[in-house]
Amino acid sequence: MRPFSILVVCTGNVCRSPAAERILAGELAGIEVKVSSAGTMALVGSDMEPPVRTMLDRLGDVDLAPHSAKALTRDLIRHSGLLLAMAGNHKNWILEEAPRASRKVFTLRELASIIERVDPAAAPMPKWLEAVAAAAAPEAAIVTPGSPTDTQGRTGGQWHREPEARHRPPKSDAAGSAAPAPKLERPARLAHRMAEAVETLADLRSQFPAPTAGGGFDVTDPFRRPPEVYARMESELVPAARTVGRYLVRCATAAG
């Protein structure tokens, strides 16, 4: 049984997607989930750009091992349970190559926005996921679809809320400490749970469309651009990757 696989996609696979990959992998450390990245026009074999490595080093608790860019393929798409595009054009590229992937592909910031904004009391979802969603959405950010407070997007400040404590999975005993819904052995049980969470988020997507201004849910491409552009990428990417990563940790460790 393959572990649940998350694939992060950008253009060259040397800036945005490797950064998000390393942050997500750090958040999900100790959980049987594979995180990787690829590019639609990958600079195959290249390491991540030096400013990206510097950013990750500054963040701490992130793997700084050498990176080797690789090209996005149909096989990678097919074997991924969740695809996180850095921008709308990457999402569209994936859907052109694999239309059946539509329910498992999001832009990174789109998915983070859904996680932070949905009201678990008003949205249909499995019982075990209600507690996960409630923990993911701070009280001020919970929005019922269609309500007057649904602003269809986050301001820059709202993306940067106080970091929560890192939630690591408990050590499993012979009986298993993870939730038993359904009663399958890991990694099959975990893969099923992650897939169910992705399906639920796909059902909610249409209720929270992208903002019409400010680039929507795209993460700015900083490739070989001035330092201020890398800083903009960091401000857009890092909080969203943290939000998604911590949500998936809660999905993996929630009692059901």
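Any read-out appearing in this document is the output of simple, stated calculations on the displayed coordinates, not a laboratory observation. All values reported here derive from a predicted model rather than from experimental measurement. Please note: Cβ atoms are built from the backbone with ideal geometry, for glycine as well, and neighbour counts cover all protein chains shown.
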Exercise. Under a 5 Å amide H to amide H cut-off, with H placed in plane at 1.01 Å, what residues pair with Val105 once short-range neighbours are removed?
Worked result: Leu83
Seminar exercise, completed: For region 16-33, Karplus-derived ³J(HN,Hα) couplings (6.51, -1.76, 1.60; θ = phi - 60°; whole Hz; x for glycine and proline) come out as 5, 5, x, 5, 5, 4, 5, 5, 4, 4, x, 5, 9, 4, x, 10, 6, 10
Problem set entry | Radius 10 Å from Cβ of Ser36, net charge of other residues (Lys, Arg +1; Asp, Glu -1) | +1
For this session: Go ahead and collect, in residue order, the members of region 21-52 whose backbone nitrogen is under 17 Å from a label point 7 Å along the Cα-Cβ direction of Asn92.
Result: 40-41
Problem set entry | Nonlocal amide H pairs with Ser37, under 5 Å, H built at 1.01 Å | Val8
Seminar exercise, completed: Given backbone amide H placed at 1.01 Å from N, residues whose amide H is under 5 Å from that of Phe4, ignoring those fewer than 5 places away on the same chain, are Lys34, Ala191
For this session: Distance from a point 7 Å along Cα→Cβ of Leu64 to each backbone N in region 16-54: keep the residues under 18 Å and list them by number.
Result: 18-27, 47-54
Exercise. HN-Hα J couplings of region 105-116 from phi, Karplus 6.51/-1.76/1.60, θ = phi - 60°, integer Hz, Gly and Pro as x?
Worked result: 10, 9, 7, 4, 6, 4, 5, 4, 5, 4, 4, 7
Problem set entry | Above-threshold pairs, the threshold being 19 Å between Cα atoms, out of Lys34/Lys70; Lys91/Lys127; Lys34/Lys104 | Lys91/Lys127
